[in-house]
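Data block below; observations after.
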Amino acid sequence: MALKHQGMVMKIIRKFSAPMRDTNQCFIAKEKTTYKQTSVLFVVLEHFSLMSFTCAVDCLVTSNLVEGSTRFTFATVGLGNGEVLSDLGIGLTPDHSLDEVKALQDIDAVIVCGGYRTCLNEHPQLSKLIALSSKCNTILGGIWNGAIFLAHAGVLDGNQYALHPDNHAYAKEKFPGSILSSSSYIGHENIFTSSGASSTLDMMLALVQKITSQPNSNAVREILSCDRGIPLNSKPQLQTCLPDSAPAIVKEANQLMVSNLDEPLHVEDIARYLKISRRKLERLFKTHIQTSPSKYYLELRLTYARQLLLQSEDSISTIAASTGFSSTTHFSRCFKEFFSVSPSVMRGGVHVS
């Protein structure tokens, strides 16, 4: 907990613990910070995977949302003029043609987007762009079979890369100097490659982490991959990110808290239900999620309240009651300590820097 002086008023600022930080990251009011923008160029090839491409773009846009500023900009490039057809038969009109790409110093990353039916023949002008980009230490990427075009340009020699399994035979014969990996994605230094639509998210998260930070990447992951690993027919509930290493008793305590947000249980009652002492429960929480059970419980309730504020038309007093606060005043004070804005400001949508 940090204290800030505002004239004669002491402003209390509290930080979310690790399991709840990522899910709330983009809703915490931030001070304005100036960052160098990262310009990403997507080269879209005929029959490119539309799902992979949109996943990559979504990752950058979501990172901007989390950061509260335009950290990433992006543009699309086609090999020629006119529309490029995706694998779904949906056309995309690129922002530029390859002929128009001149100033490499303004480009921070070049990502080649292929697809199942993309022709794998080398395109000399594209190979030249990739080779020159590599000399400028530009980040290079290949989605689906986009890595083949990095290999054509000679930038994968001696490097590991990921590729769609259907193209493995071709790549092994054509590029013996490159190291084809069985992994779904590879992120190494300035080269990032993925083998399909699902692994593109993991590849882009690794790229975002390299350029921004791990907390930013974690927050993007929380937003875009929230449905991974949820069993079929499971009941909807507040999603939390407890570490895999957390013992079963901590996960049981978490489940009890999530199930009782409107009428919070006392920590003693949770410990009694789990047949352990309060002191042991607090020690387990401190060891595995670096906070106390009571603070974590408060964070769960405030996260649920934040979701209701932004997604429902319930009054603030109703939301306060729904999340176990005895008064609107107490709720507003706790909310502002964590999000740095009041519930009414959050609802007004002016919480993002």
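The values are calculated or read from the model by the stated rules, or taken from the named source; none is laboratory data. These numbers were taken from a predicted model, which means no experiment stands behind them. Note: ideal-geometry Cβ built from the backbone for every residue, glycine included; neighbour counts use all protein chains shown.
Here are the numbers for this structure:
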quantity	calculated
Total residues in region 252-298, condition closer than 16 Å to SER322 by Cβ and in a helix (DSSP H, G or I)	4
Every residue from region 125-168 that is in a strand (DSSP E or B) and touching an Asp or Glu at 6+ places or on another chain (Cβ under 8 Å)	ILE139
Members of region 114-173 found to be surrounded by 15 or more Cβ atoms within 10 Å (Cβ to Cβ) and at positive phi, listed by number	TRP144
Residue check, LEU201 touching a Lys or Arg at 6+ places or on another chain (Cβ under 9 Å) and more than 20 Å from VAL43 (Cβ to Cβ)	no
All positions within region 245-264 that are of a type in the set (A, V, I, L, M, F, W, C), farther than 15 Å from ILE289 by Cα and out of contact with any helix residue (DSSP H, G or I) (no Cβ under 6 Å at 6 or more places or on another chain)	VAL258
Qualifying residue in region 177-194 (condition: of a type in the set (Asp, Glu) and under 20 Å from the mean Cα position of the chain (by Cα))	yes
Selection from region 169-211 of residues that are touching a Phe, Trp or Tyr at 6+ places or on another chain (Cβ under 8 Å) and not in a helix (DSSP H, G or I)	SER178, ILE179, LEU180, SER181, TYR185, ILE186, ILE191, PHE192, THR193, SER194, SER195, GLY196
Which numbered condition ARG333 fails, given (1) in contact (Cβ under 8 Å) with a residue 40 or more places away in the chain; (2) in a helix (DSSP H, G or I)	(1)
Of residues in region 130-149 being without any contact (Cβ under 8 Å) to a residue 40 or more places away in the chain and of a type in the set (A, V, I, L, M), the one nearest to SER184 (Cα to Cα)	ILE148
Among (1) under 16 Å from ILE111 (Cα atoms); (2) at pLDDT 95 or above - the single one HIS188 does not satisfy	(2)
Residue that is more than 28 Å from THR73 (Cβ to Cβ), of a type in the set (A, V, I, L, M), in the same structural domain as PHE53 (by TED's automatic domain parsing) and at pLDDT 95 or above, where the choices are LEU120, LEU150	LEU120
Leading residue by the ranking (nearest to SER133 (Cα to Cα)) among those in region 63-105 that are without any contact (Cβ under 8 Å) to a residue 60 or more places away in the chain and assigned to a helix (DSSP H, G or I)	LEU104
Candidates ALA171, ALA153, filtered to the one that is in contact with a Leu (Cβ under 9 Å, 6 or more places away or on another chain) and closer than 23 Å to SER39 by Cα	ALA153
Test set (1) in contact (Cβ under 8 Å) with a residue 24 or more places away in the chain; (2) in a helix (DSSP H, G or I); (3) among the aliphatic types (A, V, I, L, M) - VAL341 fails condition number	(2)
Residue within region 310-317 that is surrounded by fewer than 19 Cβ atoms within 10 Å (Cβ to Cβ), farther than 20 Å from LYS336 by Cα and of a type in the set (Ser, Thr, Tyr) present	no
Within region 263-316, considering residues that are more than 25 Å from HIS330 (Cα to Cα) and among the small types (Gly, Ala, Ser), the one farthest from the chain's Cα centre (by Cα)	SER277
Qualifying residue in region 182-191 (condition: without any contact (Cβ under 8 Å) to a residue 12 or more places away in the chain and either among the small types (Gly, Ala, Ser) or surrounded by 21 or more Cβ atoms within 10 Å (Cβ to Cβ) (or both))	yes
Conditions (1) among the basic types (Lys, Arg); (2) over 25 Å from LEU224 (Cα atoms); (3) in contact with a Ser or Thr (Cβ under 9 Å, 6 or more places away or on another chain): number failed by ARG71	(2)
Out of SER63, SER69, sole residue that is closer than 30 Å to THR303 by Cα, at pLDDT below 90 and surrounded by 15 or more Cβ atoms within 10 Å (Cβ to Cβ)	SER69
